[in-house]
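Here the structure is laid out as structure tokens; the discussion comes afterwards.
The values are calculated or read from the model by the stated rules, or taken from the named source; none is laboratory data. All values derive from a computational prediction rather than experimental measurement. For neighbour counting, all protein chains shown are included, and Cβ atoms are generated from backbone atoms with ideal geometry for every residue, glycine included.
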Amino acid sequence: MPRCFALMAGLSGFCHIFNIDQPVGRGCPNMRADVLLVQWMLAVWLSKAPKIPESIARHMQSKNIINKSGALKIDGVYGSQTMAWIKGFEESYTGVVKDGRIDPLGGGMGTTSGKTMKLWLLNNAVWAAGGFRGGILGVNSGSIHFPTELVPHLFR
């Protein structure tokens, strides 16, 4: 199950960094809990993060990565929709490895190079959206609710 590391963030108390146990993407283990967490983070990224540049949004629509509703089904199943969203996420950033997968953060939590950069960027989007501060899950607006089956496993 995915876990959430509690890290002290200055005077603001605890913030939390989400991590997955196994990579999510083409040719990866795609464990249900890891896929659920990545799908939720991608949905938060698209709906709450700073707006995607119009040119990238048009590209994502033309490739059927996002549709007009912008909805991503958060079901824990890695399929073509999740694959397309990961690719769309990669297209939105320079400097990330464009391999169609999200890799877990390694032992060196300070490194944001290559593959781990994507999970750091997704964590940043969740933080910007108001998620998990001080032990309270804050991202529950609209239809993007944290997957309830993951809640018991966050602080293991």
Considering only the range 42-156, give the helices (runs of 4 or more DSSP H) lying wholly within it that have at least 2 residues that are over 15 Å from the mean Cα position of the chain (by Cα) and at pLDDT below 65.
54-62
Of all residues in the range 28-41, count the ones that are over 14 Å from Lys118 (Cβ atoms), in contact (Cβ under 8 Å) with a residue 40 or more places away in the chain and not in a helix (DSSP H, G or I).
1
